[in-house]
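Read the figures in this text as sums done on the coordinates, not as results from a lab. Bear in mind that the values here come from a model prediction, so they are computed numbers and not experimental data. Cβ coordinates were reconstructed from backbone atoms using ideal geometry, including for glycine residues, and neighbour counts include every protein chain displayed.
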């Protein structure tokens, strides 16, 4: 079975990264993180059986470890990934996988030179059952060819609990790199696209003047010869909502459309993972609660068999390339 280690516990997504690998029977060789980040206490509570190592080099240099997972500060993720790949290990990182074009090039070179897998866990696709169900419906041709995606990623700010790096754009990369990489991933995946152009991109800080380096609103328009995409991300989720954000995705096809209300159906049914499909057969609401999440299992098999089934490596690179380019264009236009 696959043996892995965690390096960098600065974001709560590390809980799912480690937890789902353990559920699959993978062995954790230990974890290392710098200092005492906020997620550490929750990590220790969830995984008391895992041990923290004092020297990160022990994990990099352990030849029995196959995979390094990281949810470090975004600006630090590229360095962790490159070091891990140079030590002969595959990498699964929280999004964003990196924050600069230079770091992305370093990652590409390390992956190629060492024949390693670099996988970014886009949790808004891989960890959401209704998105997996939508993928099945699109593959079946239920709505024809997907010609447009509309993805929104609103988030609750929880400002008082955020670490200092969260308000430093050099550290978190900017809102389009940090959050909108999710929606870029979904656009490319559902339209079956290998590439796209950034038609427009913008960022703003409308409500948080006391932290001027925080971008609390972002927007991207993408297009290519076969499809279009619109993305909106923000940090405006009000406290009155019962979850962290009303994330939605709409897929427009030539023969119908799908709407996903991922985390809540405001004014509708309770729970999460609401999928609505409208096609030539009528209107249907689907329960996606039992839909399997194959990403982790596929990644484990890819590590074992040197295959490319969890996420195409070129797709993984392209998502970050487009996110970084969108952020650059938005900064230039600001």
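Between residue 213 and residue 332, the contour length at 0.36 nm per residue exceeds the alpha carbon distance by 41.3 nm. Label positions at residue 241 and residue 158, each projected 7 Å from the Cα along the C-beta direction, are separated by 1.4 nm. Going from the residue with the fewest nearby Cβ atoms within 10 Å to the one with the most, 312, 98, 130, 87 rank 312, 87, 130, 98. Please give the helix 313-333 orientation as an angle from the longest Cα principal axis of the chain, in degrees from 0 to 90, rounded to the nearest 10. That helix lies at roughly 70 degrees to the long axis.
Using alpha carbon coordinates only, what is the Rg to Rh ratio of the stretch 188-334, with Rh defined as the Kirkwood radius?
1.00
Pull out the extension gain between residue 168 and residue 64, defined as 0.36 nm times the separation in residues minus the alpha carbon to alpha carbon distance; nm, one decimal.
Numbers: separation 104, 0.36 × 104 = 37.44 nm, distance 3.64 nm.
So the chain would gain 33.8 nm between residue 168 and residue 64.
Distance between the pseudo-spin-label points of residue 254 and residue 23 (7 Å out from Cα toward the beta carbon): 3.7 nm. Taking 281, 114, 224 as the candidate residues, the one with maximal mean-square fluctuation in a Gaussian network model of the chain, Cα springs under 10 Å, is 281.
Shape of the stretch 3-121 from its Cα gyration tensor (a ≥ b ≥ c, root eigenvalues): rounded if a/c is under 1.5, otherwise prolate when a/b > b/c, or oblate? Show your work: numbers first, answer last.
Values: a/c = 1.73, a/b = 1.37, b/c = 1.26.
Prolate.
Estimated from helical segments only, the mean residue ellipticity of the chain at 222 nm is -10000 deg cm²/dmol, where each DSSP H run of four or more residues counts as -39500 (n - 2.57). Listing 216, 308 from fewest to most neighbouring C-beta atoms within 10 Å gives 308, 216. Enter the angle in degrees (range 0 to 90, nearest 10) between the Cα long axis of helix 101-114 and the first principal axis of the Cα atoms of the chain, meaning the one along which they spread out most. Long axis of 101-114 versus the principal axis of the chain: about 60 degrees. Which of 25, 240, 153 moves the most in a Gaussian network model of the chain with Cα springs under 10 Å? The residue that fluctuates most here is 240. Overall shape: prolate for the stretch 141-224, with the ratio a/c of the largest to smallest alpha carbon gyration tensor axis at 1.5 or above and a/b above b/c. I'm spelling it out carefully: the read-out is Cα extents along the principal axes in Å, the candidates are [x] 57, 48, 39; [y] 57, 51, 40; [z] 60, 44, 36, and one was derived from this structure. Which label? For Cα extents along the principal axes in Å, the calculated option is [x].
Taking 0.36 nm per residue of separation and subtracting the Cα-Cα distance, full extension of the segment from residue 55 to residue 306 would add 87.4 nm. Here the Gaussian network model covers the chain, with springs between Cα atoms less than 10 Å apart; of 107, 258, 283, 283 fluctuates the most. Modelled label positions at residue 195 and residue 115, each set 7 Å beyond Cα in the direction of Cβ, lie 2.8 nm from each other. Between helix 74-86 and the chain there is an angle of about 60 degrees, using the helix long axis and the longest principal axis of the Cα atoms.
Based on other C-beta atoms within 10 Å, arrange 3, 159 from fewest to most.
Taking fewest neighbouring Cβ atoms as first place, the list is 159, 3.
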